[in-house]
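The values are calculated or read from the model by the stated rules, or taken from the named source; none is laboratory data. Computed from a prediction, not measured in an experiment: that's the story for all the values here. As a convention, Cβ positions derive from the backbone with ideal geometry for all residues, glycine included, and neighbour counts pool all protein chains shown.
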Amino acid sequence: MDIFTYDFMVRALIGGALVGLLAPAIGLFLVLRRLSLIADSLAHVALMGVAIGLATAAFPPAVALGSTSAAAFSIEQLRIRRILPGDVALAVVLYCSLAIAVVVISLANGFNVDLFSYLFGSVLTISPSDLWLVVGLAIVVAAFVAVFYTELSQTSFDTDLARTTGVRVNLVSLALAVLTGATITLSMRIVGVLLVGALVVIPVMASLRLATGLRATTLLAMAIGVASAVGGIILAYYADIAASGSVVLISIGFLVIASGWSWARNRLSRAG
Amino acid sequence: MKDATNKGNGLVPQGGAPYLEFRDVLFAYGAHTVVENLTLKVERGEFAAILGPNGSGKTTLLKLALGLLTPSRGEVLIIGSPPEKFREWGRVGYVPQRLDSSQADYPATAFEVVAQGLYRGPDPLAFLRLTSNAKVTSALGTVGVADLERKKFSALSVGQRQRVMLARALVREPDLLVLDEPVAGVDIAAEERFYALLRRLNRERGITIILVTHDIGATMSEATTVACINRTLVFHGPAHAITHHELSALYGIPMEVLLHNALHEHR
């Protein structure tokens, strides 16, 4: 296994494994609440943050994190105060941030390579400081999901019922949105802004077709996420292809297998 | 001090504030008034059926009671407090009519759904801990679906799901049980068993029950009091005191038709 002798590969695999672990953990609660598009909207907000960061010579992931947190907060406020329906708020935020990103990029006469590494991911060029940011955010996201697992489960089951059980639904939703932003930011270098939504949603879709029980579904989604990320990066190294693409394609492979398996199981149980 | 909440009311039994009280409540969505001039009390120990035709404001009444909606005017009190200040949600079990997740293939098992009812605040170890629990097993046993504990909730029949939701409410060991059309879509035999179970919980465990339904026949025999709602309170009193006249006024059709339908439905 000569690939472990390269520092950049070790960093890539650690970063990839963390993203594969956490994106589906957050994603499960987004999918169950029919909010999976929030990942895409926040990814474009992160792109805006990166563009502003590059133009102003600030640390792009930090600007991206600030932007996604602010956007997540705004989306939740628009929805809770019923100023805009949830899906419309997501669309407005997506196009608004994308437009700002385009304007900033044109003002700075393009960033070519740097911007491309955020758009399409560039897991092999993760620096030690990038990795520390990924590790830090991963700890925060993991702690949130672990500590508020019950609240997240209840809120995704039924919001009115969660309220009458004593769960502070609006606070949990807000925290979920902000941490989705954090997850997007930490996933950005691995799979890129354009594909980050896939890693949030696809392992969850695969797991929902196989597992029984919320806990089992959570664990299986995380396992599929890690397998996709690590498998995709190793494949990218040997086949000399873009890692973001191979990571997402492997996760889609899992989804296809899971769908086939669940289809066959339903056929068999109906026949028997 | 103990009787401060009871002044001006000779009907309150010992044990403090009514479990649910509406004082001249008005609720409107924009220009559309859903309930108005609504004054109603449910005392501790009652099995109160709230009856009314579709669109009469029954579900709105429950949502107001649980603080899920805020009255446009008037006052709502649940066990003596306005819902927004009420902190003892552990005393209340709620069985909603429909769930946000009912269309999705929500992955939780019946066990996991019922265990949600045990919620008492953030628990960092919940993810590691919740694999079995004697209270959950016992609640599923009480409602007669102990064998479904490891089954996927979303794969159960409508009637089985309603029982699991009742178990989720009971596992909280509530003083007050609030149910919204719990037998909608359930066959007659299952419906009768469900009502009999509610009556037993009311009598044996002393749980106060507020049941919203449009089903006249069953509630007449099981409930202790009936409140008829059609935008406002039409009748409120013991179940046996309700007259054909009031029911006809409520539904706008002659009572013979209603009773015939009720009997027919329950055959």
Note: among B:Ala110, B:Ala65, just one is more than 9 Å from chain A (Cβ to nearest Cβ) and under 30 Å from A:Ala206 (Cβ atoms), namely B:Ala110
**Request:** For the range A:74-87, indicate whether the set of residues that are over 30 Å from A:Thr159 (Cα atoms), of a type outside the set (A, V, I, L, M, F, W, C) and surrounded by fewer than 14 Cβ atoms within 10 Å (Cβ to Cβ) is non-empty.
**Result:** no
Would you confirm, using the coordinates I've provided, whether B:Ala115 is under 24 Å from B:Leu198 (Cα atoms), more than 13 Å from every other protein chain (Cβ to nearest Cβ), under 22 Å from the mean Cα position of the chain (by Cα) and surrounded by 15 or more Cβ atoms within 10 Å (Cβ to Cβ)? no
All conditions in (1) in contact (Cβ under 8 Å) with a residue 24 or more places away in the chain; (2) part of a helix (DSSP H, G or I) are true of B:Pro71 except (2)
May I ask you to verify whether A:Ser36 is buried (at least 24 other Cβ atoms within 10 Å of the Cβ), of a type in the set (S, T, N, Q) and over 23 Å from A:Gly231 (Cα atoms)? no
Of the residues in the range B:67-102, those that are charged (D, E, K, R) and within 30 Å of B:Gly185 (Cα to Cα) come to B:Arg91, B:Arg98, B:Asp100
Scanning for something away from chain A (no Cβ under 12 Å) and surrounded by fewer than 20 Cβ atoms within 10 Å (Cβ to Cβ), does the range B:120-128 turn up at least one residue?
-> no
The helices (runs of 4 or more DSSP H) lying entirely within the range A:54-125 that contain at least 3 residues which are farther than 17 Å from A:Arg189 by Cβ and within 20 Å of the chain's Cα centre (by Cα) are A:60-80, A:86-107
>> Could you go through the range A:209-230 and let me know if any residue there is modelled with pLDDT of 95 or more and farther than 22 Å from A:Val145 by Cβ.
In response: no
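Condition check ((1) at pLDDT 90 or above; (2) touching a helix residue (DSSP H, G or I) at 6+ places or on another chain (Cβ under 9 Å); (3) within 22 Å of A:Thr165 (Cβ to Cβ)) across all residues:
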site	(1), (2), (3)
B:Ser154	yes, yes, yes
B:Leu170	yes, yes, yes
B:Pro182	no, yes, yes
B:Glu192	no, yes, no
B:Arg199	yes, yes, no
Picked from the range B:139-184 (must be touching a Ser or Thr at 6+ places or on another chain (Cβ under 9 Å), of a type outside the set (A, V, I, L, M, F, W, C) and more than 29 Å from B:Ile78 (Cα to Cα)), the residue surrounded by the fewest Cβ atoms within 10 Å (Cβ to Cβ) is B:Arg150
All conditions in (1) under 16 Å from the mean Cα position of the chain (by Cα); (2) away from every other protein chain (no Cβ under 14 Å); (3) outside any helix (DSSP H, G or I) are true of A:Arg34 except (2)
If we ask which residues in the range B:71-105 are within 22 Å of A:Gln154 (Cα to Cα) and either out of contact with any Pro (no Cβ under 8 Å at 6 or more places or on another chain) or not β-branched (Val, Ile, Thr) (or both), their number turns out to be 21
When A:Ile100 is run through (1) buried (at least 16 other Cβ atoms within 10 Å of the Cβ); (2) modelled with pLDDT under 80; (3) β-branched (Val, Ile, Thr), the failure sits at (2)
Considering the range A:162-172, residues that are more than 16 Å from B:Tyr106 (Cβ to Cβ) and not in a loop (DSSP other than H, G, I, E, B), and then whichever is nearest to the other protein chains (Cβ to nearest Cβ), we arrive at A:Thr164
The condition of being within 14 Å of another protein chain (Cβ to nearest Cβ), in contact (Cβ under 8 Å) with a residue 40 or more places away in the chain and either buried (at least 19 other Cβ atoms within 10 Å of the Cβ) or within 30 Å of A:Asp7 (Cβ to Cβ) (or both) holds, among A:Thr125, A:Thr155, A:Thr159, only for A:Thr155
The condition of being more than 14 Å from every other protein chain (Cβ to nearest Cβ), without any contact (Cβ under 8 Å) to a residue 24 or more places away in the chain, among the polar types (S, T, N, Q) and touching a helix residue (DSSP H, G or I) at 6+ places or on another chain (Cβ under 8 Å) holds, among A:Ser74, A:Ser67, only for A:Ser74
Expected single match for modelled with pLDDT of 90 or more, under 18 Å from the mean Cα position of the chain (by Cα) and at the interface with chain A (Cβ under 9 Å from one of its Cβ atoms) among B:Val76, B:Val92 is B:Val92
Note on B:Arg87: of the conditions (1) crowded, with 20+ Cβ neighbours inside 10 Å; (2) in a loop (DSSP other than H, G, I, E, B), unmet is (1)
Of the conditions (1) surrounded by fewer than 22 Cβ atoms within 10 Å (Cβ to Cβ); (2) more than 13 Å from chain A (Cβ to nearest Cβ); (3) out of contact with any Gly (no Cβ under 7 Å at 6 or more places or on another chain), the single one that B:Val136 does not satisfy is (1)
